[in-house]
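We did not get these values from a lab; they are worked out from the coordinates using the rules stated. None of these values were measured; they are calculated from a predicted model. Here the Cβ is made from the backbone with ideal geometry for all residues, glycine too, and neighbour counts use every protein chain on show.
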Amino acid sequence: MWLILFGVDVDSGRLQFGQVPAMEVREGVMLTQSAAILRFIGKKTDLYPVDDEVAAAVDAIIDQVGKRE
């Protein structure tokens, strides 16, 4: 399959699993999967809970929302 999304050739190997959504966090480092991207952004912006129990509750919500996609 030949497809270019946002200047990235899907077959280039830069997109893990060859899928989007994807987010390049620095040169050569590409994150994929919605939940992983949401958690990464949450942690980088201090919006992701530090408390493990609260974080687990947030993860449950993220995972449930992801099932609706």
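At a Förster distance of 25 Å, what's the computed FRET efficiency of residue 59 paired with residue 32, Cβ-Cβ distance as r, to 0.05?
About 0.90, to the nearest 0.05.
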>> For residue 24, what residues show an amide H to amide H distance below 5 Å, using hydrogens built from the backbone and excluding near sequence neighbours?
In response: 31
>> Please list 3J(HN,Hα) in residue order for region 52-58, calculated via the Karplus relation 6.51 cos²θ - 1.76 cosθ + 1.60 where θ = phi - 60°; whole Hz, with x for glycine and proline.
In response: 4, 5, 5, 4, 5, 5, 5
>> For residue 48, what residues show an amide H to amide H distance below 5 Å, using hydrogens built from the backbone and excluding near sequence neighbours?
In response: 43
> By the scheme Lys and Arg +1, Asp and Glu -1, what is the net charge of all other residues having a beta-carbon under 15 Å from that of residue 55?
Replying inline: -3
> Along region 32-43, what does the Karplus equation 6.51 cos²θ - 1.76 cosθ + 1.60 (θ = phi - 60°) give for ³J(HN,Hα), rounded to whole Hz, x for Gly and Pro?
Replying inline: 10, 6, 3, 5, 5, 5, 4, 5, 4, 5, x, 5
